[in-house]
1. In whole angstrom, note down how far apart the Cα centers of segment 59-87 and segment 143-162 are.
2. What does the charge count around ALA203 come to, taking other residues whose C-beta lies under 13 Å from its C-beta (Lys +1, Arg +1, Asp -1, Glu -1)?
3. Using 7 Å Cα-to-Cβ label points, what is the ARG284/SER35 separation (nm, one decimal)?
4. To the nearest 10 degrees, how steep is helix 306-316 against the longest Cα principal axis of the chain, on a 0 to 90 scale?
5. Can you give me the distance in nm between label points at ASP368 and GLU104, each placed 7 Å from the Cα along the Cα-to-Cβ direction?
6. With a sphere of radius 12 Å drawn around the Cβ of ARG77, what net charge do the other residues whose Cβ falls strictly inside it have (Lys, Arg +1; Asp, Glu -1)?
7. Please report the net charge: other residues with Cβ closer than 12 Å to the Cβ of ARG308, K and R +1, D and E -1.
8. Have a look at the DSSP beta bridges in segment 104-341 and tell me what percent are antiparallel, nearest 5.
Amino acid sequence: MRLPIAATESPSLASPDDWRWQARNAATSLVALESHLSLSEAERQGIRQAEAKGLPMSITPYYLALCDPEDEYCPIRLQCVPRVEESQTVPGDLKDPLGEQANEVAPHLVRRYPDRALLIATDRCGLYCRYCTRSRLVGQGGGARSLRELGPAFSWLRDNPDVRDVIVSGGDPLIASDSRITAILKALAGIESIDHVRLATRAPVTLPQRITDELAAKLRDAHPALWIMTHFNHPRELTPESTRACATLVDHGLPIMNQSVLLRGVNDSLDTLKALFRGLVKRRVRPYYLLQCDPVKGTGHLRTPLSRGMELMEQIQGHMSGIAVPKFIVDTPEGRGKVNLAPPALVNCSNGVTTLRTFRGELVDYKDPPAPKTQKSE
Ligand SMILES: *Cc1c(COP(=O)(O)O)cnc(C)c1O
């Protein structure tokens, strides 16, 4: 059996409350999964495919316990159990839909925007999401990149002060050891032109045991302006454990933003999204983006048409607390950047009168103020 994570020995390893136990006991094979879930033929075949090649399977015992053992279409299960449909290719699907390889400016560093860059700090995750946008590289080997391997990326950032925002991602950087992750954050803190850093991790959702007071304090001390970007997709993921993980981070002064991916059969319903966004705000997590699932090879069965996301946003925008409403984002093919799709609000604009459409669908004229008379200074 493949062990997805390099864990270090520790006396607490015997406890399911310890993240290393969770990582060590992650289900990575058909045999392991079979004892927990009644698998369908579509899943069995999907798991065999994943074992043979491509995006590996790894499901932490914690997340596995959230799966309905009898329902292959359970929204939690669809996110983590491979299905036979992963071998199907839809026209237009790509291995690297966001053109990250083409935009690599230094090893492990992707730059697609003027002031932001993405550092791919590891290829490992505690759990491999079946719709991963980086399935071309996650779980493929190498593990957490050492400071030496990341040296050229740090040099590039030092030489390019236009970049003010660095997203530390992967894989999941919190699968690395405390010392590895804090060393990366400290190296970034030492680059003066970087204003803030985002740590992109699904640990609060798939491996909440990773988030301890000790880790949160270390993260806060390693970088003075650190934001946590996490990824909840369904209200069923809002458990006592994930709630505690979020509280620990926020109580240590680390703001959390959430990026959900819109997935067919998982969260493409109004009630599900509303419950998710409300539940996040209640836990002091800000819904930041709802992302259209990227056209990655093997994810066609999980994607919705773009119109579905727009339809859902029509019913959310203005109908819920503004702080609970994320932006709906589609990442354009070939890495041309993210586009925000909002319900159309601008109907007409002429002679200083702008006709706006409200969330109730009413048309309202907004009149610009008259141009101010120029005043002569004495
Ligand atoms: C999504 C992304 C960002 C961040 O975009 P924001 O809209 O600022 O959240 C930065 N770099 C890359 C390569 C990205 O894919």
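1. With segment 59-87 and segment 143-162 each reduced to a Cα centre, they are spaced 36 Å.
2. Net local charge, ALA203 excluded: +1.
3. 4.0
4. 70
5. 4.8
6. Values: positive: ARG83, ARG130, ARG236; negative: GLU43, ASP68, GLU70, ASP71, GLU72.
Summing Lys and Arg as +1 and Asp and Glu as -1 gives -2.
7. Local charge sum for ARG308: -1.
8. The answer is about 25 percent antiparallel.
Every number here is computed from the coordinates shown, using simple stated rules; none is lab data. As the structure is a computational prediction, the values presented were derived from the model and not from experiment. Quick reminder, even Gly has a Cβ in these numbers, built from the backbone with ideal geometry, and neighbours come from all protein chains shown.
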